[in-house]
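Engineer: The following block contains the structure, expressed as C-alpha cells.
The values are calculated or read from the model by the stated rules, or taken from the named source; none is laboratory data. Because the structure is predicted, anything quoted here is derived from the model rather than measured. Positions of Cβ are generated from backbone atoms using ideal geometry, with glycine treated the same way; all protein chains shown enter the neighbour counts. Just the protein is used for accessible areas: all its heavy atoms, side chains included, with ligands, DNA and RNA removed. Shrake-Rupley method; radii C 1.70, N 1.55, O 1.52, S 1.80 Å.
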Amino acid sequence: MGRMWMRRILLRQNSLPRLKPPMACLLTPATLQKPISSPFLKPSPPTLAPLASSHRRSLSTATAFSLPDPLVSLDGISSHFGRDDGVGTSNKGLKVLLKGMTYDELEKWVQSHGYRPGQALMLWKRLYGNGIWAHHSDQLEGLNKDFKKMLSENAEFKALSLKQVITAADGTRKILFTLEDGLVIETVVIPSDSSRNTVCVSSQVGCAMNCQFCYTGRMGLRRHLTAAEIVEQAVFARCLLTSEVGDITNVVFMGMGEPLQNIDNVLKATDIMLHDQGLHFSPRKITVSTSGLVPQLRRFLKESNCALAVSLNATTDEVRNWIMPINRKYNIGLLLQTLREELRFKNNYKVLFEYVMLAGVNDSIEDARRLADLVQGIPCKINLLSFNPHGGSQFRPTSDEKMIEFRNLLAEAGCVVFLRSSRGDDQMAACGQLGNPGAIQAPLLRVPEQFKMAMEVSV
C-alpha cells in the first residue's frame with residue numbers, strides 16, 4: 001500500500017493535545033438519555049456533546065495521493081494500528097480481531113491452529129448470522145470445547161465498546177462507540193415505515209476533506225478505521241436494534257470520514273458484509289459515498305459491485321473549490337468524465353449524486369439547469385438534501401419551496417430526482433452533523449466575494 005501524504009495545519013507538535021481516552025460526554029439535559037440495557041454496554045465517562053443540532057457525512061482511502069492545502073490531518077493525532085497484512089489485531093495481548101478477517105482469512109487462520117474448515121464456518125455463522133452476533137466466547141454454543149478455548153486465548157471478538165445510544169424524536173438512533181485507543185466514533189440507525197432500515201457507518205475518526213458545510217470536517221482526520229471497526233458497527237446495529245425497528249437491510253458509508261480515502265479497509269469490510277453465510281447484505285443495498293477521489297473511485301468501480309454515491313453539491317468549480325476543497329485536485333469535469341468512462345463497463349448500474357442545498361450558494365435556477373446538463377450521459381439518480389445546521393456553520397438551508405422548484409426543473413429535464421428529508425437532526429444525528437471537533441479545528445475557507453452577502457444573511 002502506498003504512502004499517503006497530507007498537508008498539515010501549521011501547528012507545533014507540542015501544541016496539540018496528547019492522545020488519551022476522551023473525556024466523558026458532557027451532555028446537556030436535552031441530549032442526555034439513560035443508557036440502554038445491554039450486556040455489551042461498558043460503563044464509561046460522559047462524552048463531549050455537539051454544539052448544535054442537524055445532519056451527517058464521511059468517507060475514506062489509503063492509497064497514495066497528495067491532498068490540496070485546505071484538506072486537514074491533525075499532526076500528532078493521526079495514528080494507525082493493525083497488522084500490515086490487513087488482519088486487525090487487538091492491543092490486548094496482540095490477539096487477532098476476528099471481525100477483521102474475511103471468510104477465507106478466517107478459514108486459513110482456524111486451520112493454522114489445527115482445526116477443520118467446518119469449524120471456521122460454524123464460528124462465522126455465530127459472529128454474523130443465526131441472530132447470535134457473538135461478542136465473546138461464552139456465546140459460541142455448539143462449538144467444540146477445545147476450539148472455544150483456543151479462541152479465548154488467541155482471538156478478540158470486539159473491536160468497539162458501546163458507549164451510548166441516543167434516540168431522536170423521529171426514532172433515529174445515534175450510537176456512540178469507544179475505540180481501543182480511546183477515540184469515539186458515531187453510527188446512525190435510520191428506521192423506516194417500510195421494510196427498509198438503514199445503518200449509516202463511519203469509516204474514519206474525523207475527516208480530512210474539510211467540506212465547509214460538514215461538522216465532521218471540522219475535526220480533521222484522526223485516523224482510519226480498521227475493517228473490524230467498520231464491520232462491527234453493522235453487527236451492533238443488528239444486535240441492538242433488530243428487535244425494535246426490524247431487520248437492518250441497508251448500509252450506507254455516509255458517517256464520519258471519506259470512505260474512499262480508506263479504500264482498503266472499506267472494500268474488505270464490504271466483502272465481509274456481503275458473505276451469504278453471515279450478514280448477507282445485498283451489494284446494491286450497500287452504498288459507499290465519496291467526495292470525489294478520482295483514482296480511488298476508479299478502483300472502487302472496478303473491484304466492487306456495491307452502490308456508489310458521489311457528493312457533488314455544486315455546479316461550478318468556483319463554488320465547489322470553496323465548499324469542497326478536494327475539487328481543487330479533482331475538479332467537476334474530471335470527476336464526471338471518470339464516471340462516464342467507468343460506468344460503460346457496469347451493467348444496469350446507476351450512480352447516486354448527492355446535492356446538499358445551501359441557500360444563496362448552489363440553489364439557483366441556473367444551478368438546476370447546469371446540474372441537469374452536467375449529468376447528461378451518466379446513468380444516475382439525484383438526491384436533493386437539506387443542509388443541517390451545526391455549531392459555527394456559515395450556511396443556512398434552502399427553503400422547502402425553492403427545493404421543490406429545483407427538483408421540478410431537474411425532473412422536467414429528464415433527471416431521476418428525489419427530495420430527502422433530514423432524519424435525527426434534533427440529536428445531531430443527521431447528514432453532516434456527526435463527530436466532536438474539539439478545541440483544534442480545521443480552517444474555514446475564504447468566502448468568494450459574490451457569496452458574502454448570502455453568508456452575512458445566514459449569520
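Engineer: For residues in the stretch 181-198 being modelled with pLDDT of 95 or more and farther than 16 Å from Val251 by Cα, which is surrounded by the fewest Cβ atoms within 10 Å (Cβ to Cβ)? Break it down into steps so the answer makes sense when it comes.
Structural biologist: First, the residues of the stretch 181-198 that are modelled with pLDDT of 95 or more: 181-191, 197-198.
This time we only want the ones that are farther than 16 Å from Val251 by Cα, so: 181-185.
Values: Asp181: 14, Gly182: 11, Leu183: 19, Val184: 22, Ile185: 28.
Result: Gly182.
Engineer: What are the pairs, 6+ residues apart or on separate chains, where a residue within the stretch 207-222 that is under 11 Å from Pro437 (Cα atoms) has its Cβ under 9 Å from a residue that is open to solvent by 10 Å² or more (accessible area, probe 1.4 Å) and among the hydroxyl-bearing types (Ser, Thr, Tyr)?
Structural biologist: Tyr215/Ser393; Gly220/Ser78; Leu221/Ser78; Arg222/Ser78; Arg222/Ser79
Engineer: For the stretch 309-332, how many residues meet the condition of being in contact (Cβ under 8 Å) with a residue 12 or more places away in the chain and not in a loop (DSSP other than H, G, I, E, B)? Quick ask: steps written out before the conclusion?
Structural biologist: Step one: of the stretch 309-332, the residues in contact (Cβ under 8 Å) with a residue 12 or more places away in the chain are 309-320, 322-332.
Filter again for not in a loop (DSSP other than H, G, I, E, B), leaving 309-311, 317-320, 322-323, 325-328, 332.
Qualifying residue count for the region: 14.
Engineer: Can you pull out the residues in the stretch 142-166 that are under 19 Å from the mean Cα position of the chain (by Cα) and either of a type outside the set (Lys, Arg) or assigned to a loop (DSSP other than H, G, I, E, B) (or both)? So that I can check it myself, show each step before the final result.
Structural biologist: If we filter the stretch 142-166 for residues that are under 19 Å from the mean Cα position of the chain (by Cα), which is where we start, we get 159-166.
Scanning the stretch 142-166 gives Ala159, Leu160, Ser161, Leu162, Gln164, Val165, Ile166.
Engineer: So which residues in the stretch 199-230 are more than 24 Å from Val319 (Cβ to Cβ) and open to solvent by 10 Å² or more (accessible area, probe 1.4 Å)?
Structural biologist: Across the stretch 199-230, the qualifying residues are Arg222, His224, Thr226.
Engineer: Oh, and also: Could you look through the stretch 123-132, keep only residues that are among the aliphatic types (A, V, I, L, M) and buried (at least 19 other Cβ atoms within 10 Å of the Cβ), and pick out the one that is farthest from the chain's Cα centre (by Cα)? Even if it seems obvious, please write down each step before you answer.
Structural biologist: The first filter runs over the stretch 123-132 and keeps only residues among the aliphatic types (A, V, I, L, M), leaving 123, 127, 132.
Now narrow it down to the ones that are buried (at least 19 other Cβ atoms within 10 Å of the Cβ): 123, 127.
Numbers: Leu123: 27, Leu127: 22 Å.
Looking at residues that are among the aliphatic types (A, V, I, L, M) and buried (at least 19 other Cβ atoms within 10 Å of the Cβ), I get Leu123.
Engineer: Does any residue in the stretch 378-390 that is more than 18 Å from Arg284 (Cβ to Cβ) come within less than 8 Å, Cβ to Cβ, of a residue that is open to solvent by 30 Å² or more (accessible area, probe 1.4 Å) and of a type in the set (A, V, I, L, M) six or more places away or on a different chain, and which pairs are these?
Structural biologist: Pairs found: Leu384/Leu419; Pro389/Ala52; His390/Leu51; His390/Ala52.
Engineer: Inside the stretch 424-453, can you point out the residues that are more than 17 Å from Met324 (Cβ to Cβ) and assigned to a helix (DSSP H, G or I)?
Structural biologist: If the condition is that a residue be more than 17 Å from Met324 (Cβ to Cβ) and assigned to a helix (DSSP H, G or I), then Asp425, Asp426, Gln427, Glu449, Gln450, Lys452, Met453 are the ones that fit.
Engineer: Please go through the stretch 170-207 and pick out each residue that is of a type in the set (D, E, K, R) and either in contact with a strand residue (DSSP E or B) (Cβ under 7 Å, 6 or more places away or on another chain) or within 21 Å of Ala309 (Cβ to Cβ) (or both).
Structural biologist: Let us first name the residues in the stretch 170-207 that are of a type in the set (D, E, K, R), namely 170, 173-174, 180-181, 186, 193, 196.
Those that are of a type in the set (D, E, K, R) and either in contact with a strand residue (DSSP E or B) (Cβ under 7 Å, 6 or more places away or on another chain) or within 21 Å of Ala309 (Cβ to Cβ) (or both): Arg173, Lys174, Glu186, Arg196.
Engineer: Which numbered condition in (1) at pLDDT 95 or above; (2) crowded, with 17+ Cβ neighbours inside 10 Å is the only one that His135 fails?
Structural biologist: Unmet condition: (1).
Engineer: Limited to the stretch 253-280, what total is found for residues that are open to solvent by 20 Å² or more (accessible area, probe 1.4 Å), closer than 28 Å to Ala442 by Cα and either in contact (Cβ under 8 Å) with a residue 40 or more places away in the chain or charged (D, E, K, R) (or both)?
Structural biologist: First, the residues of the stretch 253-280 that are open to solvent by 20 Å² or more (accessible area, probe 1.4 Å): 264-265, 267-268, 271, 274-277, 280.
Keeping just the survivors that are closer than 28 Å to Ala442 by Cα gives 264-265, 267.
Now restrict to residues that are either in contact (Cβ under 8 Å) with a residue 40 or more places away in the chain or charged (D, E, K, R) (or both): 264-265.
Residues that pass the stated criteria total 2.
Engineer: Name every residue in the stretch 231-244 that is within 13 Å of the chain's Cα centre (by Cα) and either open to solvent by 10 Å² or more (accessible area, probe 1.4 Å) or of a type in the set (A, V, I, L, M) (or both), in order of residue number.
Structural biologist: Val231, Ala234, listed by residue number.
Engineer: Determine whether the stretch 360-370 contains at least one residue that is of a type in the set (Gly, Ala, Ser) and surrounded by 20 or more Cβ atoms within 10 Å (Cβ to Cβ). Break it down stepwise before answering.
Structural biologist: Step one: list which residues in the stretch 360-370 are of a type in the set (Gly, Ala, Ser), which gives 360, 364, 368.
Add one more test, that the residue is surrounded by 20 or more Cβ atoms within 10 Å (Cβ to Cβ), and what stays is 368.
Yes, the conditions are met somewhere in the stretch 360-370.
Engineer: Please specify each residue of the stretch 178-236 satisfying the condition of being part of a strand (DSSP E or B), more than 24 Å from Met273 (Cα to Cα) and small (Gly, Ala, Ser). Working first, answer last.
Structural biologist: Residues of the stretch 178-236 part of a strand (DSSP E or B): 178, 184-190, 198-200, 204-207, 220-224.
Filter again for more than 24 Å from Met273 (Cα to Cα), leaving 220-222.
Answer for the stretch 178-236, where residues must be part of a strand (DSSP E or B), more than 24 Å from Met273 (Cα to Cα) and small (Gly, Ala, Ser): just Gly220.
Engineer: Now a separate question. Restricting to the stretch 289-308, name every residue that is part of a strand (DSSP E or B) and open to solvent by 10 Å² or more (accessible area, probe 1.4 Å). Spell out the reasoning first.
Structural biologist: Restricting attention to the stretch 289-308, the residues satisfying the condition of being part of a strand (DSSP E or B) are 289-290, 307-308.
Ala307 - this is the single residue of the stretch 289-308 that is part of a strand (DSSP E or B) and open to solvent by 10 Å² or more (accessible area, probe 1.4 Å).
Engineer: In the stretch 271-288, is there at least one residue being in a helix (DSSP H, G or I), over 29 Å from Ala359 (Cβ atoms), of a type in the set (A, V, I, L, M, F, W, C) and in contact with a Ser or Thr (Cβ under 9 Å, 6 or more places away or on another chain)? Walk me through it before giving the result.
Structural biologist: Start the filter on the stretch 271-288 by keeping residues that are in a helix (DSSP H, G or I), which leaves 271-274, 283-285.
Adding the requirement that they be over 29 Å from Ala359 (Cβ atoms) leaves 271-274, 283-285.
Cutting the leftovers down to of a type in the set (A, V, I, L, M, F, W, C) gives us 272-274.
Remaining after also requiring in contact with a Ser or Thr (Cβ under 9 Å, 6 or more places away or on another chain): 272, 274.
The answer is yes; a qualifying residue exists.
Engineer: All but one of (1) under 19 Å from the mean Cα position of the chain (by Cα); (2) surrounded by fewer than 22 Cβ atoms within 10 Å (Cβ to Cβ) hold for Cys431; state the number of the condition that does not hold.
Structural biologist: Cys431 satisfies all of (1) under 19 Å from the mean Cα position of the chain (by Cα); (2) surrounded by fewer than 22 Cβ atoms within 10 Å (Cβ to Cβ) except (2).
Engineer: Can you pull out the residues in the stretch 371-391 that are more than 25 Å from the chain's Cα centre (by Cα), within 20 Å of Ile323 (Cα to Cα) and open to solvent by 10 Å² or more (accessible area, probe 1.4 Å)?
Structural biologist: The one that is more than 25 Å from the chain's Cα centre (by Cα), within 20 Å of Ile323 (Cα to Cα) and open to solvent by 10 Å² or more (accessible area, probe 1.4 Å): Leu374.
Engineer: Another one. Just checking, does the stretch 373-385 include any residue being at pLDDT below 95 and acidic (Asp, Glu)?
Structural biologist: There is no residue in the stretch 373-385 that is at pLDDT below 95 and acidic (Asp, Glu).
Engineer: Now for a different question. What do you reckon, is Ser421 under 22 Å from Arg284 (Cα atoms), at pLDDT below 95 and open to solvent by 20 Å² or more (accessible area, probe 1.4 Å)? Working first, answer last.
Structural biologist: Details: under 22 Å from Arg284 (Cα atoms): yes; at pLDDT below 95: yes; open to solvent by 20 Å² or more (accessible area, probe 1.4 Å): yes.
Yes, satisfied.
Engineer: While we're looking at this one, here's another question. Out of Phe157, Phe81, which single residue is within 28 Å of Thr178 (Cβ to Cβ), among the aromatic types (Phe, Trp, Tyr) and either touching a Gly at 6+ places or on another chain (Cβ under 6 Å) or at pLDDT 90 or above (or both)? Step through it out loud before you land on a result.
Structural biologist: Numbers: Phe81 fails: either touching a Gly at 6+ places or on another chain (Cβ under 6 Å) or at pLDDT 90 or above (or both).
Going through Phe157, Phe81 in turn, just one is within 28 Å of Thr178 (Cβ to Cβ), among the aromatic types (Phe, Trp, Tyr) and either touching a Gly at 6+ places or on another chain (Cβ under 6 Å) or at pLDDT 90 or above (or both): Phe157.
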